[in-house]
Amino acid sequence: MSAVPSTVLDHSHDLGDLLDSLIAYRRYRPPQARMLRRSEELPWVFRGYVRRRDANSAWRAWAQGTRTSFLVAGIAAAEWNARGAPVLEIRFFDAEGQPFPRSLWRLRADGSWLECIRP
């Protein structure tokens, strides 16, 4: 993904592309893991989150052996406006479908991602 100027406030970036960029930058997905692209491929415990998502959220999942990693992301609009750069709110889930605490990640002008704290 190309670097995005930090002055862009129009929210026109594709959430899925931003999420894929963060996953690649943070190396969340092991190279040998298989991407799960359809809800039917997910364990039952995650399917409810997929059904409830809207246009302002995206999910990604991958499987390695018997382990499935699942996360949901959304645009953190207030933080995006305050920081003048794309900010995603990320939530990972454990194998039982319980969420871990949310984290916020800001895309920097050089294409890297920085975890941030709510202002």
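The numbers here are math on the coordinates, done by the rules we state, and not lab data. Owing to the predicted nature of the structure, the values given are computational and were not obtained by experimental measurement. Reconstructed Cβ throughout: ideal geometry from the backbone, glycine too, with neighbour counts over all protein chains shown.
Points to keep in mind about this one:
- Going from the fewest other Cβ atoms within 10 Å to the most, the residues Asp20, Asp14, Asp110 appear in the order Asp110, Asp14, Asp20.
- Burial ranking of peptide ranges 73-83, 38-48, 94-104 (average Cβ count within 10 Å, highest at the top): 73-83, 38-48, 94-104
- Per principal axis, descending, Cα span of region 3-111 in whole Å: 42, 29, 23
- Ascending count of other beta-carbon atoms within 10 Å, so fewest first, for Ile90, Ile23: Ile23, Ile90
- Distance between region 51-103 and region 16-31 - C-alpha centres, whole angstrom: 11 Å
- Residue-averaged 222 nm ellipticity for the chain, from DSSP H runs of 4+ at -39500 (n - 2.57), nearest 500: -6500 deg cm²/dmol
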